[in-house]
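Down below is the structure, laid out as structure tokens.
The values are calculated or read from the model by the stated rules, or taken from the named source; none is laboratory data. Computed from a predicted model, the values in this text were never measured in an experiment. We place every Cβ from the backbone using ideal geometry, glycine too, and count neighbours over all the protein chains shown.
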Amino acid sequence: MELRSLMLPPFKKIQMINADAGMTCRPFMTWSGIGSGLKLIQSLALGAATLFVFSHAAMAEEVADAEFAALQADAKESFKKGVAPFVKEYCLECHGNRRTKGGLNFEPALKNPGESSAARKWMQAFANVNAHDMPPDDSDQPLAEERQQFLESLGKIKYLSAKDPGPFVIRRLTKVEYGNTLHDLLGVDVAVARELPDEVAGQGYLNSLSPMQTEQYLGIANEVLDRIWPAAGKPPTDSQNRLLGKPPAPGADEHESAKKVARSLAGKAYRRPASEAEIGTLVGVFDLGRKNKLDYAGSLRLMLKAVLVSPQFLYITPAKDAEVGKKIVALDDYHLASRLSYLLWSTMPDAELMKLAAAGTLHQPDVLKVQVKRMLLDARSGALFDGFGAQWLGLMDLDSKTFDPKKFPQMNPELRRAMYEEARLFFDSIVRGNRSVVAFVDSDYTFLNETLAKVYGLEKEVTGAKMRKVKLTNENRGGILGMPGILATTSFPNRTSAVNRGVWVLEQVLGEHVPPAPPNVPALEKQNQKQVANLTLRQRTELHRTNAVCANCHKILDPIGFGLENFDAIGRWRDKDDTGGAIDAAGELPGGKKFSSPKELKGIIAARKDDLARNLTEKLMAYALCRQLEGYDKIVVDQLMKTIAQDGYRMQTLITEIVTSYPFLNRRVQD
């Protein structure tokens, strides 16, 4: 039977995901009838305690709001004196209404500097002015004091943003989440979702269903039902009994029985209580099946199919509509349970989360923190690496990245899997072990099997296919900077790239914004090959830096990249490069910090604890919210960083702070 016309209606408002609290007191307990005195006393005691907590939270929020108001006033004055005059003097001639070079126009940003649409412009301006790429060399140049005041004032623009949890995204389950949810709900293999297309990291997911996607979901629903439904004449399967219960006795009201099944089934599949309208729609599907001569079980199968292709199953949705007139509301506890579970486990909430959601207590800070701790210690938290960690480290495409088969025949599927698994186990050890984020950069262990141990030169110490924790004695190794999978993804197919590795460290590890390369700058391969034939890769790159357009950025990027040049394109240690020249890993970073080896470079980067933690906090928060961070989000990150730093930058504290943050717990319902 066709279900296309029966699929539940789409949501009124669906947005594009880009890839980056007020608390209300609920009734404590219903008291009815005589003989419930003890329950009433317990209720009042709980209420008093809860009100005590809420009142302190409200007081803290009032203090925070007062501080925010003062910072906002200072930011307005700073913008007026340090940003607006600079932009008008040095930028508008090329980046205004009359001329918009590079598609960049600062005039709207000057009028509304705190709006989200201006954030990207200010970020680009900061990066270019800080690198001395702007104003151009052939234009009037600001005094050093003017440039510094401009940069410092830009750092305060976030305070011009209104207190806002940001745009609310009703998002569709990813391919992995969809497969995991089908497994946890129905017991089928997660591979049932294998035919769905992979999401494109960084470009977002269009949260609508195309006709092709609809057909795919219908096809998967049919396959799932075929797996869990018994053949004709066979007794019900365990999954069928668990989901649908026993059939009604002869003469019983089938319609009422189907309604009970619909309520139970929808509550599990939608991860929240279904509304009466939603239940009515599902019962209507059951009735349609009966009218078309399907038996009771067959009609329930049709109803289950309707559930599996419904937007309520495919999307993460609130349990109830927001109060009319409210612009910002707290997430209901069911919605919070799903947001939390799909963040940490990439699957539906378990029974404990649903129980807390039903009790209306999950949103309470102490309860929520306990749940985060429990979930991170669960093996399912390994999904956080596959969803977030692999994207952060740039390993999503390692399995398909091209390498020169003559130079690197070792880069077979087995080695690529081991590289990915090393990063996954390492990430998991830091999260579940509650280690400092600094351990991502500076650590004395990793995870290897025999295949990957050959890259490390440890094939005599590590044998067999099983990955295991290995103590490292070479201090140039340890941490993500010396990890073969990452070194490989930041290389070209046939050689290393100091630029790619430098950009990766700055952007992915330290959170700095690197301006894009200017147009028409030739690659190293375009150099006169006769002139550079006897030069090392470092010498060729330094020759490239003689171009004044390239020099400012490369003087920051290149030293970091060359500090890792002892690692070849697949992460093996070497003392000479491809030309036979000796590797020179020495360099100097802004501020006069010098190094001569990967070990010393790691030490310099590891010392920037606050930058490491802030970058990871911002990237994980953007992932958790399914959108880019905006103005007020940056203020929230400032607040989180205080607690994170006080606890030694520990990973579980970082995650807990994000989950208990204002943007994670609230949503905007009106623009």
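Taken over region 611-635, the criterion of being surrounded by fewer than 23 Cβ atoms within 10 Å (Cβ to Cβ) and either β-branched (Val, Ile, Thr) or in the same structural domain as ASN434 (by TED's automatic domain parsing) (or both) is satisfied by ILE635 alone. Take SER239 and tell me if it is within 12 Å of LEU300 (Cα to Cα) and assigned by TED's automatic domain parsing to the domain that holds LEU308. So SER239 does not fit the description; no.
Per the listing ASP399, ASP378, the residue uniquely surrounded by fewer than 19 Cβ atoms within 10 Å (Cβ to Cβ), more than 19 Å from VAL470 (Cβ to Cβ) and touching a helix residue (DSSP H, G or I) at 6+ places or on another chain (Cβ under 6 Å) is ASP399. Filtering region 223-250 to residues that are within 17 Å of ALA262 (Cα to Cα) and of a type outside the set (A, V, I, L, M, F, W, C) leaves SER239, GLN240, ASN241, ARG242, GLY245, LYS246, PRO247, PRO248. Is it the case, given these coordinates, that ILE658 is at pLDDT 95 or above and either touching a helix residue (DSSP H, G or I) at 6+ places or on another chain (Cβ under 7 Å) or not charged (D, E, K, R) (or both)? Yes: the conditions hold for ILE658.
A search for C-beta distances below 7 Å between a residue of region 96-107 that is in the same structural domain as MET123 (by TED's automatic domain parsing) and over 12 Å from GLN124 (Cα atoms) and any residue that is small (Gly, Ala, Ser) and part of a loop (DSSP other than H, G, I, E, B), counting only pairs 6+ apart in sequence or on different chains, returns GLU107/GLY96. Can you say whether ALA390 is crowded, with 18+ Cβ neighbours inside 10 Å, small (Gly, Ala, Ser) and more than 13 Å from MET651 (Cα to Cα), as far as the supplied structure shows? Yes. What residue, among those in region 171-205 that are closer than 23 Å to HIS335 by Cα and among the basic types (Lys, Arg), is modelled with the lowest pLDDT? Applying the filter and picking the extreme gives ARG171. Residues of region 585-608 that are crowded, with 17+ Cβ neighbours inside 10 Å and part of a helix (DSSP H, G or I): PRO598, LYS599, GLU600, LEU601, LYS602, ILE604, ILE605, ALA606. Annotation: ASN476 fulfils all but one of (1) within 22 Å of LEU654 (Cα to Cα); (2) more than 24 Å from the chain's Cα centre (by Cα); the unmet one is (1).
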